[in-house]
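**Q** The following block contains the structure, expressed as structure tokens.
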Amino acid sequence: MTKKLTRSPGRPRSFDPAIAVETAQKLFHAYGYDAVSVSDVTDALNIKAPSFYAAFGSKAGLFTRVLDRYSHQGAIPLNEILRPDRPVAECLAELLEEAARYYAADPLARGCLVLEGVRCNDPDARALASNYYFAAGKAIHDFIAERYPQDASRLTDFISTIMAGLSAKARSGQSPERLLATARLAGMALSNAFPA
């Protein structure tokens, strides 16, 4: 027997949550998590606060959705770059160059959303961003450790430090050309970091 589903009483949502997440991603990326208030989001979406809370529960709840979207649409594609059929140093050099390109691609949303989230003041948002940050670090570490286990930790530290620096420089307005030059210089250093 099938049961007829009925809609709960009340006014239907007047906005698309997927579009809301996309809009919020742009705001968080452009201004940083701490600087964006719930009222900034509701104003951008032209909705009232009750609709926002019904859809996302909280600002951190929205940030969870934003980070998930960013990891699929906007973050550096680690799985495409860190391939086992290519030399490790070559893959890592490409990763840094892609970081330089990604972080400067949108003049209104520069840097890495996750790296910026790790630095925010809100402990819940910081923990959410940290989960993505540590997952990316683990992917890089595991990729290196497959062939160079003794070098994996120090080289992962090097990569994460360069990426954080590229993100910070991008946020401060450094040109894409200078970011790419820095990434290429770091790539040259990587080529000397592995045993022949």
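The values are calculated or read from the model by the stated rules, or taken from the named source; none is laboratory data. All values derive from a computational prediction rather than experimental measurement. Cβ sites come from the backbone with ideal geometry, for glycine too, and all protein chains shown count toward neighbours. Side chains included, ligands, DNA and RNA excluded: accessible areas come from the protein's heavy atoms. Shrake-Rupley method; radii C 1.70, N 1.55, O 1.52, S 1.80 Å.
**Q** With a probe of 1.4 Å, find how much accessible area the stretch 62-196 has per residue, and write the answer as a whole number in Å².
**A** In whole numbers, the stretch 62-196 has 52 Å² accessible per residue.
**Q** By the scheme Lys and Arg +1, Asp and Glu -1, what is the net charge of all other residues having a beta-carbon under 15 Å from that of Arg147?
**A** Charge balance in the 15 Å sphere: -2.
**Q** In percent, how large is the relative contact order of the stretch 65-196, given Cα pairs closer than 8 Å and 6 or more residues apart?
**A** For the stretch 65-196, the relative contact order is 34 percent.
**Q** Next up: Carbon and sulfur atoms: what percent of the 1.4 Å accessible area of the stretch 41-84 do they account for?
**A** Carbon plus sulfur share of accessible area: 48 percent.
**Q** At R0 = 30 Å, how high is the FRET efficiency between Ser160 and Leu108 if r is their beta carbon distance? Nearest 0.05 is fine.
**A** FRET efficiency, Ser160 to Leu108: 0.75.
**Q** How many nm is it between the label spots at Ile19 and Ser130, if each spot is 7 Å from the Cα in line with the beta carbon?
**A** About 3.7 nm separates the two model spin labels.
**Q** If each of Asp142 and Asn79 carries a label point 7 Å out from its Cα toward its Cβ, how far apart are those two points in nm?
**A** 1.1
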